[in-house]
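Trainee: Let me begin by handing over the structure; questions about it come next.
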Amino acid sequence: MVRIMVIGGGIAGAAAALALHKAGFEVTVHEAHPSTGEDIGAFLTLASNGMRALAQFDAAEPVADIGFPITTMDVVDEAGAQLAAVPLGEHENPLARYRCLRRAELGAVLQSEVRRRGIPIRYAARLTSVTESATGVTVTFADGDSASGDLVVGADGLHSTVRSQLDPTAAGPDYAGQRVFYGYTTEAAAPDDAAGRITMVRGSGAAFGYLVSPAGETFWFARVPGPALTAEVVTRTTPGQWRDHLLPILRPDRTPAADIVAATDDRLMATNALHLSPGTRWHGRRTVLIGDAAHAASPATGQGASMALEDAVVLAKALRDADTPGAALDAYERHRRPRVERNITVSAQLTTSRTTDRTPPPGTDGPPARDSERPAPRVDEELLRLLDWDTPLPGTRRPA
Ligand SMILES: Cc1cc2nc3c(=O)[nH]c(=O)nc-3n(C[C@H](O)[C@H](O)[C@H](O)COP(=O)(O)OP(=O)(O)OC[C@H]3O[C@@H](n4cnc5c(N)ncnc54)[C@H](O)[C@@H]3O)c2cc1C
């Protein structure tokens, strides 16, 4: 039995634990936070490819239960004129529809599945070092504890310690050129036909998106170009001050954006869009990175979580099907790197582009680039085969 230590119990880590457990491995999860850590945090959309990935390790239903479906994306210009109404992903398939939910809710539901399936999860376990040897790998934690096993899966996010252990020269994340604001309000006027729709506003000063939950709460985000926010500014700026900062940027447009932000109380947050440069080293002999630790993209394509869920499936299948762990890690990287690095590139282009290019971004079947802040990666036959649990991973040999 191969013993796998998953570092990080976020979206990638919890998903990897579920997929690896399903594949028959002995898995433990080590999470730095002292608990599941509820916070209001950002919301995200899981695309059809992410929902497909969840289904492979039998976690699509609990996630679908807490998220609300989105089936259509409206794109409007700064004058409020509709430019496009685009069906999103596999909108006709109830369990593969896009879902919107808070990031913390997604983490919590996946962790609860981890516990329900009897996979040990240790909280307040902040990894500080990884030491590989010929026969195994040992991880140590900030509290002095340590653990040993056969493989470490680094799912410790954007500022990954596992990444820097794997490659001390690895560059950390860079600022992608936009500040990201997000908020929630129950006070904004919601259109009658809001159910199942996300509206993307191609504003004059910001990319703005909003959608209304079945409970009547408006979820919104704004992506605004400008210099990076310092940690000090983020800490000392109040939600009211951010509101005052955003309103003059949004007011010139004839769209609902400014009214939605004006109707938002303290549930308004700001952060920087960050991303990793393609080319990060992903694995050693007994250490491998997944999710944001390996390939964090700026949020414009809205694919980070879905890509992390895909990673979990492909890594578990690779380890299940390949003859040796080394061959498995090679196969995982070979199948994942082109797709996730394309997502980094497309997201960076969307983040900085003010062009009138109307060519769809590569690898997407979404509307033209400027019409979509969140293009839908194609859930094509190749991806379906790659994700399908019962189909051996191409280029590996399944044990008899
Ligand atoms: C504003 C914003 C909007 C976004 N919108 C979307 C969207 O709409 N759709 C989408 O798909 N994605 C979206 N994303 C991206 C998505 O949130 C990430 O891609 C996703 O959360 C990555 O998951 P992860 O598990 O790799 O990392 P994380 O979710 O960051 O989890 C990492 C975990 O590792 C733990 N950890 C860190 N260091 C250590 C350590 N040393 N030891 C042990 N544990 C550790 C952390 O506590 C955390 O639990 C958005 C991101 C942002 C910032």
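Trainee: Excluding ligands and nucleic acids, what accessible area in Å² is computed for HIS275 using a 1.4 Å probe, to the nearest 10?
Mentor: 30 Å²
Trainee: As a test of understanding, state the convex hull volume per residue of region 81-144 from its alpha carbons, in Å³. Don't jump to the answer; show the numbers that get you there.
Mentor: Details: hull volume 15.4 nm³, N = 64.
Convex hull of Cα atoms, per residue: 241 Å³.
Trainee: If contacts are Cα pairs under 8 angstrom and at least 6 residues apart, what is the relative contact order of the chain in percent?
Mentor: 20 percent
Trainee: Expressed as a whole percentage, what fraction of the accessible surface of region 38-79 belongs to carbon and sulfur atoms when a 1.4 Å probe is rolled over the protein heavy atoms?
Mentor: On region 38-79, the fraction of accessible area on carbon and sulfur atoms equals 47 percent.
Trainee: Probe of 1.4 angstrom, ligands and nucleic acids ignored: what's the accessible area per residue over region 174-275, in square angstrom? All intermediate terms of the calculation are to be shown ahead of the outcome.
Mentor: Numbers: 4420 Å² over 102 residues.
Per residue, region 174-275 has an accessible area of 43 Å².
Trainee: Continuing with the same structure: Full-extension gain between ALA195 and ALA79, please, as 0.36 nm times their residue separation minus the C-alpha to C-alpha distance. Present the calculation step by step, with values, prior to reporting the outcome.
Mentor: Working: separation 116, 0.36 × 116 = 41.76 nm, distance 2.27 nm.
Length gained, ALA195 through ALA79: 39.5 nm.
Trainee: Please give the calculated 222 nm ellipticity per residue for the chain, where each DSSP H segment of at least 4 residues contributes -39500 (n - 2.57) and the sum is spread over every residue; nearest 500 deg cm²/dmol? Intermediate values should be presented prior to the final figure.
Mentor: Working: 12 runs with 129 residues, N = 400.
Per the formula, -9500 deg cm²/dmol.
Trainee: Same structure again: Counting pairs of alpha carbon atoms under 8 Å apart in space and at least six apart in sequence, what relative contact order in percent does region 174-275 give?
Mentor: Values: 187 pairs, mean separation 43.5, N = 102.
Relative contact order of region 174-275: 43 percent.
Trainee: By per-residue mean of other Cβ atoms within 10 Å, what is the highest-first order of 319-327, 240-248?
Mentor: Final packing ranking: 319-327, 240-248.
Trainee: Right, here's the next one. With no solvent and one equal point scatterer placed on each C-alpha of region 1-122, evaluate the Debye formula and give log10 I(q)/I(0) for q = 0.13, 0.17, 0.18 Å⁻¹, two decimals.
Mentor: Debye output, listed in q order: -0.57, -0.85, -0.92.
Trainee: Let me ask you something else. What ranking do 266-272, 141-147 get when scored by the average of other Cβ atoms within 10 Å per residue, highest first?
Mentor: Put in order of decreasing packing, that is 266-272, 141-147.
Trainee: Let me ask something else. Based on the Cα gyration tensor of the chain, what are the three equivalent ellipsoid semi-axes, each the root of five times an eigenvalue, rounded to whole Å and given largest first?
Mentor: 36, 23, 19
Trainee: Also, quick follow-up: Dividing the convex hull volume of the Cα atoms of region 174-275 by its residue count, what figure in Å³ per residue is obtained?
Mentor: On the way: hull volume 10.2 nm³, N = 102.
So the per-residue Cα hull volume is 100 Å³.
Trainee: Sorted from largest to smallest, which semi-axis lengths in Å does the alpha carbon gyration tensor of region 203-328 give for its equivalent ellipsoid, taking the root of 5 times each eigenvalue?
Mentor: So the equivalent ellipsoid measures 39, 17, 12 Å along its semi-axes.
Trainee: Report, to one decimal in Å, the Kirkwood hydrodynamic radius for region 68-194 based on all distinct Cα pairs. Let's see the in-between values first.
Mentor: Details: mean 1/r = 0.0507 Å⁻¹.
Here the Kirkwood hydrodynamic radius works out to 19.7 Å.
The values are calculated or read from the model by the stated rules, or taken from the named source; none is laboratory data. Since the structure is predicted, the reported quantities are computational estimates derived from the model, not experimental observations. Neighbour counts run over all protein chains shown; Cβ positions are idealised from the backbone, glycine included. We work out accessible area using only protein heavy atoms, side chains counted, and drop any ligands, DNA or RNA first. Shrake-Rupley method; radii C 1.70, N 1.55, O 1.52, S 1.80 Å.
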